[in-house]
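J.: Sharing a structure, written as structure tokens. Questions coming.
Throughout, read-outs are computed from the coordinates displayed, never taken from laboratory work. Model, not experiment: these values are computed from the prediction.
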């Protein structure tokens, strides 16, 4: 009889331990990963900014609920906040981010950086900019300036 009480006590102890474990575990530490982007419109270099050779970075905090971007706010502390960047690059960045779609179960918040730059090499004709998106969802848009055309007395290339 003593043995059966001991066995019952061990069973009860194990049962209580198993039940209490989930309550005592902590939520996994937040990693620096961002959710998987499932759909987005291709970003562009705003034409007026490209013509004026406006370059810089725009940092945005993105809030996603049920897979949809519900809020995108510029972090002006981290953004190059020259008037040209705020006027020409920021609106294009925010509009593009609002086209992003994630899985329906995704609710998250993270920071992304859009970098607008010009390549050093020049092209003979206008070309599309190079668009790169990293796994962290940071975006780099590189425009290629067009070589100026000379009308008279140009030295040969």
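J.: Using only the Cα atoms of region 37-143, what are the Rg and Dmax in Å?
T.: Computed over the Cα atoms of region 37-143, radius of gyration and Dmax are 14.2, 47 Å.
J.: Here's a follow-up. On full extension of the chain, what length is gained from residue 37 through residue 101, given 0.36 nm per residue of separation minus the C-alpha to C-alpha distance?
T.: 22.4 nm
J.: What percent antiparallel are the DSSP beta bridges of region 37-143, to the nearest 5?
T.: 80 percent
J.: Take every DSSP beta bridge with both residues inside region 89-154 and express the antiparallel ones as a percent of the total, to the nearest 5.
T.: 40 percent
J.: For residue 70 and residue 47, calculate 0.36 nm times their separation in residues minus their Cα-Cα distance, and state this gained length in nm to one decimal.
T.: Additional length available on full extension: 5.6 nm.
J.: Relative contact order for region 37-143 using alpha-carbon pairs under 8 Å, separation at least 6, rounded to a whole percent?
T.: RCO, region 37-143: 34 percent.
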